[in-house]
Amino acid sequence: MISINRKNNRTFRNSFFLFLTFIFIFLSCKKKGCTDPVSLSYDIEASKDDGSCTYPEVAKKTLVFKSTGTWCAYCGDWGKDFSDDVTSDYSSNAQIIELHSNDNFSVDVGYLMQSHLDGINGSVGVPHFYVGTAGVDNSYSLLSAEIDSDVALSPEVNLAVNYTVNSDSSKMNINIHSKLAGGFSGDNCYLAAYVVEDGQVFEQNILGNYDPNYVHNNILRTEASGSGSAFGVPIVFNSSGDNIKSYNDVLLAPSTLWNYSNLYVVAVVWEQDGADYRFVNLVR
């Protein structure tokens, strides 16, 4: 009788051990990741949330357009000084996008935007700076005052963006999450996804002398929607105030022309206001 009990005990212990091992393996095999489908970090294969979900950043930022050209004598002089000062003084809440004309960096969407800026503000030449679509006189104190005024506002839409570049196929995938804030209705809003590049070395006229080693940053390369508009496409927010927009296989120029490692995306929400578009917010 004693030997039978011992055998039964051993069998029970072995079975219990196997059961615990199975549970451990089962739990270990559950993939961890973001399980919230509203987040851009959502992993459809994840069954256990690991806290990696990301959401739109609650922050007001501003957009500064700079009209420029490699042939422009003052663009490499005080135009560069203004750009450097904006980048230094507003590193976390102002984004410059350069609109080139009649040079190697000119693109269709840049001409479309410049045409709109000229229609709203009049043709003012280069270099010139705009906060959103509003032109600013050629004074850094006035430019910085306009930026200060804009970033002091409460955000009406908050944004998040992620993107990947497939260098083998010369394509980019972009995901953008826009979320209403502060009671903003979100009516008549447009979303633009500007692909921008830093670090291009190309000559620049500086007061009549060309510097062959000049480094160009914030170059507008394309707008991902392919809508033919400088302001992207209309967006509609759902009942929770969210809009998630994806652009797949955005075609890039060959890597011999664009440095893929220096590309980034600036997602911008605009509100159509009659013939103009009011800048709402951005994320980079």
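The values are calculated or read from the model by the stated rules, or taken from the named source; none is laboratory data. Keep in mind the model is a prediction, meaning the values are calculated, not measured. No Cβ is skipped: glycine too gets one built from the backbone with ideal geometry, and neighbour counts run over all protein chains shown. Quick note on the areas: whole protein, heavy atoms, side chains included, nothing else; ligands and nucleic acids left out. Shrake-Rupley method; radii C 1.70, N 1.55, O 1.52, S 1.80 Å.
Scanning for something touching a Leu at 6+ places or on another chain (Cβ under 8 Å) and open to solvent by 20 Å² or more (accessible area, probe 1.4 Å), does the range 207-218 turn up at least one residue? There is no residue in the range 207-218 that is touching a Leu at 6+ places or on another chain (Cβ under 8 Å) and open to solvent by 20 Å² or more (accessible area, probe 1.4 Å).
Based on this model, can you work out whether Asn121 counts as at positive phi and either at pLDDT 95 or above or among the β-branched types (Val, Ile, Thr) (or both)? I'd like the intermediate steps shown before the answer.
Numbers: at positive phi: no; either at pLDDT 95 or above or among the β-branched types (Val, Ile, Thr) (or both): yes.
So Asn121 fails the test.
Could you say whether any residue in the range 177-199 is closer than 22 Å to Thr87 by Cα and surrounded by fewer than 20 Cβ atoms within 10 Å (Cβ to Cβ)? Spell out the reasoning first.
If we filter the range 177-199 for residues that are closer than 22 Å to Thr87 by Cα, which is where we start, we get 192-199.
Of the ones still in play, those that are also surrounded by fewer than 20 Cβ atoms within 10 Å (Cβ to Cβ) are 198-199.
Yes; the residues of the range 177-199 include at least one that is closer than 22 Å to Thr87 by Cα and surrounded by fewer than 20 Cβ atoms within 10 Å (Cβ to Cβ).
A single entry from Leu159, Leu117, Leu99 fulfils the requirement of being in contact with a helix residue (DSSP H, G or I) (Cβ under 8 Å, 6 or more places away or on another chain) and either open to solvent by less than 40 Å² (accessible area, probe 1.4 Å) or not acidic (Asp, Glu) (or both): Leu99. The condition (being of a type in the set (S, T, N, Q) and open to solvent by 70 Å² or more (accessible area, probe 1.4 Å)) is satisfied by just one residue among Ser255, Ser229, Ser225, Ser246: Ser255.
If you scan the range 74-84, which residues turn out to be crowded, with 16+ Cβ neighbours inside 10 Å and either modelled with pLDDT under 95 or under 22 Å from the mean Cα position of the chain (by Cα) (or both)? Correct list: Ser83 only. Just need a number here: residues in the range 29-45 that are assigned to a loop (DSSP other than H, G, I, E, B) and either surrounded by fewer than 14 Cβ atoms within 10 Å (Cβ to Cβ) or touching a Gly at 6+ places or on another chain (Cβ under 7 Å) (or both). Selection size over the range 29-45: 6. Return yes or no: is Thr87 surrounded by fewer than 17 Cβ atoms within 10 Å (Cβ to Cβ) and β-branched (Val, Ile, Thr)? Judged against the criteria, Thr87 is a match.
State whether the residues of the range 270-280 include one that is open to solvent by 40 Å² or more (accessible area, probe 1.4 Å) and either among the basic types (Lys, Arg) or under 15 Å from Lys171 (Cα atoms) (or both). Among the residues of the range 270-280, at least one is open to solvent by 40 Å² or more (accessible area, probe 1.4 Å) and either among the basic types (Lys, Arg) or under 15 Å from Lys171 (Cα atoms) (or both), which makes the answer yes. Just so you know, in the range 46-70 the residues that are among the small types (Gly, Ala, Ser) and open to solvent by 20 Å² or more (accessible area, probe 1.4 Å) include one that is farthest from the chain's Cα centre (by Cα), and it is Ser47.
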